[in-house]
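Engineer: Take this structure, written in structure tokens, and hold onto it; I'll ask about it next.
The values are calculated or read from the model by the stated rules, or taken from the named source; none is laboratory data. In this text, all values refer to a predicted model and were calculated from it rather than measured experimentally. All Cβ positions, glycine included, derive from the backbone under ideal geometry; neighbour counts span all protein chains shown. Accessible surface is based on the protein model in full, side chains and every heavy atom, while ligands, DNA and RNA are left aside. Shrake-Rupley method; radii C 1.70, N 1.55, O 1.52, S 1.80 Å.
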Amino acid sequence: MSSSQGDRGGLSQAAQNDNPNQTAATSNTPEAQVSPVLDEVSPSSMSSFEMLDMESVPPPYQEVQPHWFFCRGADDSASWHPFSREDSDKLEHACNTLKDNEEDLVVAVEGERYDVRVRERTRYAVYWDQAPTEVRRCTWFYKGDKDTRFLPYSEEFSKRLEEAYMIAVTLDEWKRKLDFPTGETVILHNPKLIMHYQPIGMQDEWVSSPSEQTRPRTVKRGVENIFVEIPDGEPEKVDHLVFMVHGIGPACDLRFRSIIQCVNDFRSVSLCLLASHYKRSQQEGHVGRVEFLPVNWHSALHGDATGVDEDIQRITLPSISRLRHFTNDTLLDLFFYNSPTYCQTIVDTVASEINRLHALFKQRHPEFDGALSVVGHSLGSLILFDLLTNQRIGSRAREGVPSREHCSVNSETLEQTLTKLGLQQYLGTLQAENVDMESLALCQDSDLRDLGIPLGPRKKILHYIKKKWFPEDCKTAVGDQTLESVPPFLASGAGQPAQQLLFHREPSITSAVDYEYFDVGIGQVSIEYPQLAFYPQTFFAFGSPIGMFLTVRGLKRIDPNYSFPTCKSFYNIYHPYDPVAYRIEPMIVSEVDLEPMLIPHHKGRKRMHLELKDSLTRMSMDLKNNVLGSLRTAWQSFTRLPVAALPPVEEGGTTNDTTPQEDQGVYTEAECSGLAEQTEQPEIEMGMLNGGRRIDYVLQEKPIESFNEYLFAIQSHLCYWESEDTALLLLKEIYDKLGVAFEQPQQ
């Protein structure tokens, strides 16, 4: 991170904005009056000012260098954050080239995840729903008595300060007084000391002391003179794209932050790790960055479209309202996912949102040719697991395989279809939205409802489309390829033939899903799983309950030959104290008790308390072996016959001084360690779910967490968003496949 002339710190703490009356008054009233040199200044304001060095000759006037900031948060808790220097320079260049008669310029900032409309001074999110935020071209800053960080003045206020400063520097006349119509006063004592006084009426009501009422603000000119941490810019090149799906509830951590904020943290952690662990590759231009985009499905489930919140609220008891609200908004998501009605909404939302983000990203980054991966946290990992399990190889038209879109399109026109259904009165409504038969086949119930089509006609249209969705000839074409390419997946018991493991479910009378494509025990049989628009390279699960849900569904083991149809890598990452996480490997290899892979610390070694624990364990084992060995030697010496009684040794022969007990002892001491090592690291084929590699990876707990695992259980389930070890594992997996070497920084 870069900062201004050695200053360190940040500008992120919430503090009060400029007084709203102040900005309005300065823009709608005559200019502030600049008084000449002051002869007298109040004693309270000059108590310590005379101690400053007034003999230094000020430098000639130089125009202040602006830096652009954006606001984050509501009006009562707003905080101002600087753009990176690269983004600030782009905004300044656009501002200087913008003419009054031209349309507003839009500048992409922060890795092109936000757009700034320069004239409007507003910042808009590109990939997710977020309220627009204010943007300022900042030159002057203030810090009140209760503020810990400098905050920017409004542009109009800063302009008036700059004009007064220019006059004072040019004429070398200081102690100038700048009065504002709101009653506020700014006194320019010298270039390094500028104070802002507020009238008593603008002070806090509870302040009663006259000395506190007259305590001024400190004013600074230019971002280089304040304590602010300016972030480094992000590399323009994107090597890999990752979609991150959240779990239950709208909050993703103990600070009740949204998935957007948590993914922002994970992205920041990955950028820092790239700069430290791939420094040389970045300098040589081999490494750009990894883009992480959040996938939000909770708002769609609990929105007005489903009406589920209103239905639940009607039956919720009035007692312990906060706990019941938390349960309804968070824990009920687990039950919603097990409901066929709302499970369909969830999987449709996740798949459509991922496809939407993918298309939008490709539109804004047409040069991107990297791979894509998916990450799921908690319930989000189960959603992705069910989606990836039910993907069909070759279902996309661009792969040259007949897709459902091509199969469903026939010679019937939209008008003929509606006439056959007796719904020709809705022809104009659909044509107004440019809906043809192919796009109608992609419509869901919510889409038709948004067009104003009633429930009855909607059901007729959707039922007719589903019947026409897979004609027999098309079903054979796609189905044959699917049957050939998808191996036997899950087995409820060992030794069963593959034909008995596939397609054993009976169709449900409540669904029109084609069950020929369903593997045993995957997801819910009444759900039609949508298809993703790409093949993910890797699936990462954070704190995942996948193993538990598969077991509850009646699945005892996963066939070692199974892999996701469209995704060839899978990592199950969890914290050892995470109460929601379950393992996957015992469902594949049940005959061996295999410890999970320990994720290395990002600094290159085990945590100190874990190393100490291992050392104590080895020490106790060595001490035990030494004590047993000493006792054994003493007993053998006590029971051994005298040397004179031993039989003579024949020439070329040897004397067998060891008893059977000795042989056993020698084996225990000499070979036991080697056998123990073989037991710790057996050669086990882990199946094809992760290409034969290990699947379960466990984080190292922090020293404080090891004191009480119950106390940190909930935090352990939410720790992944800020975990450097987790982010580094993702980066190593991504860049290993790109052939980029990992560099362990020197400590």
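Engineer: Quote the accessible area belonging to T97 in square angstrom, nearest 10, computed with a 1.4 Å probe and with ligands, DNA and RNA left uncounted.
Structural biologist: Accessible area, nearest 10 Å²: 60 Å².
Engineer: If you keep only loop residues by DSSP, which GluC sites (Glu not before Pro) in segment 220-291 have at most 11 other Cβ atoms within 10 Å of their Cβ?
Structural biologist: Working: sites: E224, E229, E236, E284, E291; in loops: E236, E284.
Hits after loop and neighbour filter: E284.
Engineer: With label points built 7 Å along Cα→Cβ from the Cα atoms of F368 and T148, find their separation and express it in nm.
Structural biologist: 3.7 nm
Engineer: For T316 and K568, FRET efficiency with R0 = 35 Å and r from the beta-carbon atoms, rounded to 0.05? Provide the component values of the computation, followed by the final result.
Structural biologist: On the way: r = 45 Å, r/R0 = 1.28.
After rounding to 0.05, the efficiency reads 0.20.
Engineer: By a straight-distance test (C-alpha under 23 Å), which lysines pair with K143 as possible cross-link partners, with residues fewer than eight away in the same chain excluded?
Structural biologist: K159, K175, K177, K192, K220
Engineer: Using a 1.4 angstrom probe on the protein heavy atoms only, line up V238, V106 by accessible area, largest first. If you can, show how the numbers build up before the last one.
Structural biologist: Working: V238 20, V106 90 Å².
The residues order as V106, V238, largest area first.
Engineer: Right, another one. Taking a ≥ b ≥ c as the square roots of the eigenvalues of the Cα gyration tensor of segment 211-299, is the shape rounded (a/c under 1.5), prolate (a/b larger than b/c) or oblate? Could you put the intermediate results ahead of the total?
Structural biologist: Values: a/c = 3.50, a/b = 1.31, b/c = 2.66.
Oblate.
Engineer: Y426: accessible area at probe 1.4 Å, nearest 10 Å²?
Structural biologist: Counting only protein heavy atoms, the figure is 40 Å².
Engineer: Could you order E63, E743 by accessible surface area, starting with the largest, using a probe radius of 1.4 Å?
Structural biologist: Working: E63 135, E743 45 Å².
Accessible-area ranking of E63, E743, largest first: E63, E743.
Engineer: Same structure, new question: Accessible area per residue, 1.4 Å probe, Å², for segment 187-339: what's the number? Write out the running numbers ahead of the final one.
Structural biologist: On the way: 7620 Å² over 153 residues.
Value for segment 187-339: 50 Å² per residue.
Engineer: Among the lysines, which fall within straight-line cross-link reach of K737, defined as a Cα-Cα distance under 16 Å, with same-chain neighbours fewer than 8 residues apart omitted?
Structural biologist: Qualifying lysines at Cα under 16 Å: K568.
Engineer: Another one. At a probe radius of 1.4 Å, what is the per-residue accessible area of K237, in Å² to the nearest 10?
Structural biologist: For K237, solvent-accessible area is about 110 Å².
Engineer: Need the full-extension length gain, E236 to K420, defined as separation in residues times 0.36 nm minus the C-alpha distance. One decimal, nm. Provide the component values of the computation, followed by the final result.
Structural biologist: On the way: separation 184, 0.36 × 184 = 66.24 nm, distance 5.36 nm.
Extra length available between E236 and K420 comes to 60.9 nm.
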